[in-house]
Structures are given as C-alpha cells and as structure tokens.
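Derivation of every value follows stated rules applied to the coordinates shown; laboratory data play no part. These numbers were taken from a predicted model, which means no experiment stands behind them. Cβ placement follows ideal geometry from the backbone for every residue including glycine, while neighbour counts extend to all protein chains displayed.
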Ligand code: IPM
Ligand code: MG
C-alpha cells in the first residue's frame, strides 16, 4: 500500500528523534513492501524563523492532504518571550484544532526491562503498568476565551475559560468507552466535579454515554485524587478519560512512573483515519543537538501511526517488539539508564531498533 506522511521535525531534539523515526518508517517500507512518501514542513519555532508564524498555511494544507502526520516537538528558549498567540506552542494547538484532532491517546506502559527506571518502589510496579490516558485535545481551557483586564484596585487580572459542550464531551467519552472495550473494560473519568461546573456537565455526559456500554466498569475520580492514586497504585487503572488541561498534567505524571517521559508516544485522532503522532515529551532544548535524546517515544509514535491511521496492526506490534528487544539487551539512552547500563546515543538507539526490526 502507499501512504503520504507529513513530517514536522519542529525544534530542539525534534529533528534528531524524527531522523531516527524516518529510518524506522523506511525500514518498514523495505521489509513489508509498503510505499511511504514523506514530505517535510515547518511547525513551531523553526516556522516562526522562516515564515514569521508558528503554523504556516502551507504546513496545515500539507497535513490536511496527508494520510498521517509525524511530529517531533516544538518550542525553545529563543521564542519564550513572544506573545502567547505567536509562540511555537500556538502552532501545535493550531494544527490539532485545524485537523479536528479531538482525541489524544497516551499509553503509559512500563517495559519489563525498565522496571528499575521507575521512580516507584518495585512492589508498586511489580505487575506492570498499562494505562491508556484519553485526553480531550481541542477544547477546554486551552481553547476557551482568555484575556487580561485592568482592575480598579488590584492591578491587572488575567483569565482563561474552561468550557465544554455536551457534544465535545460525548465524542471523547465514546472514544474512551470504545477504547476500554478493547482492553480491560475499566474506565476512570477524571474531573473536578466537586468544584467546577464544567466538570459537573462532563460527569452527566459520561453517565449518559455509559448506558451504551454496560460491560465497562466506570469510575469517577477527582483529579487531585487521580494524581495521588497514580503514584499510590497505578495498577488500578486501565483507561482514563479527561479534559485537555487535566490530561496534559496527568499524562506527564503517568509517563514518569513508567520510567521516563522519553518513552511515551501519542496519537491524536479525529473523525477519520488522519492522525497526528508525536512523542509526549517536549523539545528539551538543554540537550538538543547532542545525540542524547531518547528516540523511543517517537519510534513508538510511528507504531501507533501504523495501527491507527494505516490499520497495520502487525507492523505496529513488530516495532514495539524491536524496541523491547533492544531494551532487553541492556541498551539505554541517558534518561532511562540505571547504574551499570550500556548508555548509547540517539542515533545508535535508532539504528539498533531498526536492525532488530529488520531481523524479526
Ligand atoms: C503536550 C504539550 C503541549 C500541551 C504544549 C507543548 C503546548 O505539553 O503535548 O502535552 O500542553 O498540549
Ligand atoms: Mg504536556
């Protein structure tokens, strides 16, 4: 089969982890006889430098006309002082919204050979962690009305609005129930319904949708409790569904308990099969260009692309197996290293995974 992939390396370590992921895509093409046509475009800081805006219309058009989008990371010190709507991050939000990608799947899985890398005690992670965070991606506080105003006696005030419609909640919650049906049939909806009106509506919609999924065991959990439970007993979770803001925070937390944020991929999906695939980590400007970044999160994002956009499930699990094999042999990038492990760089990690894949 033939697929068009838009590639957006972005900033910081983005280009390095993307380079290794392209190697994997090429290896997949070679091994399984698919044709992947890759077209690069700019997003984020590099686009600001080249076009004066974080999401040039060419980039959005290219993505709209592709079968999938692979993204590295955006942002860096250089652009940190720009106004909010001109920052690299605005490009990322713009592309998520522009492609209608309302659902963000962030799987937090602990690999057997990486249990030592988890900051949690071994008795807490002993039976493994396998959580799918389903984060709403095009609504809530990220996209609500925001601004500043001058008050009479308290200086400036600033506000960001959390607003969700029934429609927005229902479509993400349905996707989460469907995801749970394919897993352990356990869904935790995370909100702050003891305080926020938007959360109360969220909860009502979850309850309504749950009637269509009698086989799924549903829990509601307040976000503060969920943050605590993720550390206390992460094995209790299967699928978690939550808002854009809470999902941003909880997915970073979930990633860290698996060992490193450098391991976690993500898929952003909408109505059709077009998806955007990116590591959940940022651009890590402090280690950019030093061959230190872990390319695994991006390589696993390629696996998610094969599965969710192209329906190539076997290839997705082969990529995952190749990653496991390299980890089982003791190779580690710095972020997942423990005393005595064999520390290698970005390029070598990519190369070893590719070789394992080709040898499968
Ligand atoms: C993420 C990131 C982004 C977000 C930033 C870079 C805008 O943290 O993908 O989790 O907040 O969504
Ligand atoms: Mg984040």
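Things to note:
- In segment 130-256, the ratio of gyration radius to Kirkwood radius, Rg to Rh, stands at 1.04 when only Cα atoms are counted.
- For the options 80, 123, 160, a Gaussian network treatment of the chain with springs between C-alpha atoms closer than 10 Å singles out 123 as fluctuating the most.
- Under the criterion of Cα pairs below 8 Å and six or more residues apart, the relative contact order for the chain equals 22 percent.
- Per-residue ellipticity at 222 nm computed for the chain from its helices equals -12500 deg cm²/dmol, with DSSP H segments shorter than 4 residues left out and the rest contributing -39,500 (n - 2.57).
- With Cα atoms as the point set, the chain shows a radius of gyration and Dmax of 20.2, 70 Å.
- Here segment 130-256 carries DSSP beta bridges of which approximately 30% are antiparallel, counting only pairs with both residues inside.
- Straightening the chain between residue 82 and residue 112 buys 6.6 nm, computed as 0.36 nm per residue apart minus the Cα-Cα spacing.
- Among 118, 21, 57, residue whose mean-square fluctuation peaks in a GNM of the chain (springs only between Cα atoms under 10 Å): 57
- You can think of it this way: the chain between residue 183 and residue 208 has 6.9 nm of extra reach, that is 0.36 nm per residue less the Cα-Cα gap.
- The gain in end-to-end length when the residue 273 to residue 324 segment is fully stretched comes to 15.7 nm, 0.36 nm per residue minus the alpha carbon separation.
- Ranking of 202, 79 by count of other Cβ atoms within 10 Å, fewest first: 79, 202
- For a modelled paramagnetic label at residue 195, 7 Å from Cα along Cα-to-Cβ, the residues of segment 237-254 in reach, with backbone nitrogen under 14 Å, are 246.
- Among 348, 306, sorting on how many other beta-carbon atoms sit within 10 Å of each Cβ, with the fewest leading, yields 348, 306.
- Residue among 234, 265, 339 with the largest mean-square fluctuation in a Gaussian network model of the chain, springs linking Cα atoms under 10 Å: 339
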